[in-house]
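Below is one structure, written out as structure tokens, with a few remarks after it.
Any read-out appearing in this document is the output of simple, stated calculations on the displayed coordinates, not a laboratory observation. Source: prediction; values computed, not measured. Because the Cβ atoms are built from the backbone with ideal geometry, glycine has one as well, and the counts that use them run over all protein chains shown.
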Ligand SMILES: [Zn+2]
């Protein structure tokens with residue numbers, strides 16, 4: 001079966017059909033780098049990372065382009081506040097963004113173009129629009145796109161042109177012929193970065209950058225253009241208008257992108273995330289108290305089109321669940337070690353079918369959960385396991401890792417993942433992992449000296465801290481209760 005996806009342009013779920021069989025050209029609008037990535041970014045880019053991974057797992061050769069907006073009002077304002085060069089500030093936050101996305105196990109894009117590296121392409125694109133009669137330069141150094149010349153302007157957003165007129169504003173100094181028109185090029189203002197153009201020194205508008213970078217790196221039409229649902233209007237709407245009009249010929253929206261996908265927002269404890277409400281979190285802040293894979297696993301529990309609700313409580317539950325998955329995988333590896341792989345169970349196909357159905361990660365986690373429960377029961381059962389049962393566990397572990405790869409989880413050895421998850425959970429409870437380790441070492445000494453009263457006292461001390469200890473053949477491990 002082919003992949004079904006909800007296409008915002010069509011307004012319904014439809015079969016994914018790339019232009020060229022077996023190839024996907026994917027563009028995702030990237031961040032404006034004036035600050036650290038926040039939870040909304042984490043959600044958005046994990047969503048598109050799963051889409052990317054699934055397309056690749058399905059055998060598509062995907063070229064994934066995600067830009068950095070490194071020229072923007074917010075960047076200029078922030079840089080001026082700090083007395084920093086805007087380009088340096090943007091470069092610093094772009095690096096920080098990459099680090100945060102790495103921690104969330106998002107694959108890097110094949111190309112991560114920056115606006116500052118594409119000024120010639122942007123200017124050439126605007127020149128084409130002026131030559132085609134879709135854009136005009138009123139003489140004040142700005143260039144605007146004439147929205148009413150583009151018949152499919154409201155097709156993506158399904159909004160009404162009259163409503164858009166009512167919401168449109170003309171800022172002082174602008175020279176639009178129509179309030180609906182939007183800037184492709186803005187004349188330089190004092191203290192702003194500037195580039196030469198046929199209309200005088202200035203800088204590009206936000207929307208034209210994405211069109212120029214998409215066309216430069218992927219051509220047109222691309223197969224999937226994606227981003228947060230807040231970008232439908234005006235950003236993606238304007239991207240379509242410019243990119244189609246610049247090509248000459250037909251004016252159908254599909255001539256820019258064949259499919260449009262949008263992810264839902266992030267809420268915190270059922271409220272909008274905002275600085276004024278004091279519930280605004282950067283990815284870095286969350287990663288101090290939770291492992292990146294745990295946060296990613298938590299994010300996967302909500303369908304990408306729905307709004308995601310973040311809360312510390314549910315994050316803690318997701319984390320426990322991920323610990324359970326790793327522990328089960330470790331047991332399956334141990335009990336199934338050396339066994340001939342049992343027959344395939346269909347888990348991989350079931351997960352693929354759920355992802356084929358508009359990337360339903362929430363359904364996938366349900367499917368995965370059943371398989372883990374069964375494997376856990378088999379691994380834990382008292383008595384000996386038959387060679388067939390061992391083979392079953394070995395097969396389970398292999399399939400679980402394959403499914404995990406498509407979701408970007410369960411790719412670390414348990415011995416690496418579990419302590420990382422545990423230490424952050426401990427931190428949230430005010431438990432210092434180093435203090436736990438010191439007591440465990442003292443307890444080991446006491447046991448060696450057969451001082452069982454001391455060893456029991458240390459165990460009680462740890463229990464009072466909320467730490468459970470497990471003595472096993474490989475030594476003593478601990479976890480937060
Ligand atoms: Zn964009």
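If you fit an axis through the alpha-carbon atoms of helix 414-428 and take the longest principal axis of the Cα set of the chain, what angle between them do you get, 0 to 90°, nearest 10?
On a 0 to 90 degree scale, this one is about 80.
How far, in nm, would the chain grow between residue 177 and residue 402 when pulled straight, counting 0.36 nm per residue and subtracting the alpha carbon separation?
Length gained between residue 177 and residue 402: 75.4 nm.
Roughly what angle does helix 86-103 make with the longest principal axis of the chain, taking Cα atoms, 0 to 90 degrees, to the nearest 10?
Once rounded, the angle reads 40 degrees.
For the ranges 422-431, 284-293, what's the packing order if you count other beta-carbon atoms within 10 Å of each residue, average per peptide, and put the highest first?
Result, highest mean first: 284-293, 422-431.
Pairs of Cα atoms under 8 Å, at least six residues apart: use those to get the relative contact order of the chain, whole percent.
Reported relative contact order: 16 percent.
With the Cα gyration tensor of the range 312-416 giving a ≥ b ≥ c as the square roots of its eigenvalues, does the rule (a/c under 1.5 for rounded; else a/b larger than b/c for prolate; else oblate) give rounded, prolate or oblate?
oblate
Determine, for 45, 60, the number of other Cβ atoms within 10 Å of each Cβ, and report the residues in order from fewest to most.
Listed from fewest to most nearby Cβ atoms, that is 60, 45.
Tilt of helix 206-218 relative to the longest C-alpha principal axis of the chain, in degrees (0 to 90, nearest 10)?
Here the helix axis deviates by roughly 70 degrees.
How high is the FRET efficiency between residue 15 and residue 277 when r is their beta carbon distance and R₀ equals 41 Å, given to the nearest 0.05?
It comes out at approximately 0.50.
What FRET efficiency, computed as 1/(1 + (r/R0)^6) with R0 = 30 Å and r the Cβ-Cβ distance, is obtained for residue 442 and residue 288, rounded to the nearest 0.05?
Result of the calculation: an efficiency of 0.60.
Once the Cβ-Cβ distance between residue 450 and residue 369 is put in as r, and R0 is 56 Å, what FRET efficiency do you end up with, to the nearest 0.05?
0.80
Given labels modelled 7 Å from the Cα in the Cβ direction, how far is it in nm from residue 166 to residue 98?
Reported label-point gap for residue 166 and residue 98 is 4.7 nm.
Taking only C-alpha pairs under 8 Å that are 6+ residues apart, what is the relative contact order of the range 312-416 in percent?
Result for the range 312-416 is 42 percent.
Indicate the gyration tensor shape class of the range 4-268 (rounded, prolate or oblate), computed on the Cα atoms with a ≥ b ≥ c the square roots of the eigenvalues: a/c under 1.5 is rounded; otherwise a/b larger than b/c is prolate and the rest oblate.
Oblate shape, in that a/c is at least 1.5 and b/c is the bigger or equal ratio.
Rank by packing, highest mean first: peptides 46-58, 143-155, with packing defined as the count of other Cβ atoms within 10 Å averaged across residues.
46-58, 143-155
I need the peptides 227-235, 334-342 ranked by packing, meaning the mean over residues of other C-beta atoms within 10 angstrom, with the highest value on top.
227-235, 334-342
Starting from the Cα-Cα distance between residue 428 and residue 131, subtract it from 0.36 nm times their residue separation and give me the gain in nm to one decimal.
That pair, residue 428 and residue 131, stretches by 100.9 nm at full extension.
So, in nm, how far is label residue 460 from label residue 188 when the simple model puts each one 7 Å beyond its Cα toward the Cβ?
Between residue 460 and residue 188, the label points sit 7.7 nm apart.
Using just the helices of the chain, give the 222 nm mean residue ellipticity in deg cm²/dmol: DSSP H runs with n ≥ 4 each add -39,500 (n - 2.57), and the total is spread over all residues, rounded to 500.
The per-residue figure over the chain is -15500 deg cm²/dmol.
Using only Cα atoms, locate the centre of the range 314-360 and the centre of the range 174-220, then give the distance between them in Å, rounded to an integer.
48
Please state, as a whole number in µm²/s, the translational diffusion coefficient that the Stokes-Einstein equation yields for the chain at 25 °C and 0.890 mPa s, with Rh defined as the Kirkwood radius across alpha carbon pairs.
97
Using alpha carbon centroids, what distance separates the range 62-88 and the range 432-474, in Å?
Here the answer is 51 Å between Cα centres.
Determine, for 470, 101, the number of other Cβ atoms within 10 Å of each Cβ, and report the residues in order from fewest to most.
Lowest count first: 470, 101.
When a footprinting reagent is the concern and you count Cβ atoms within 10 Å, what order do 213, 1 take, fewest first?
The fewest-first ordering by Cβ neighbours comes to 1, 213.
Simple spin-label model, 7 Å along Cα-to-Cβ: residue 435 to residue 252 in nm?
Roughly 6.7 nm, to one decimal.
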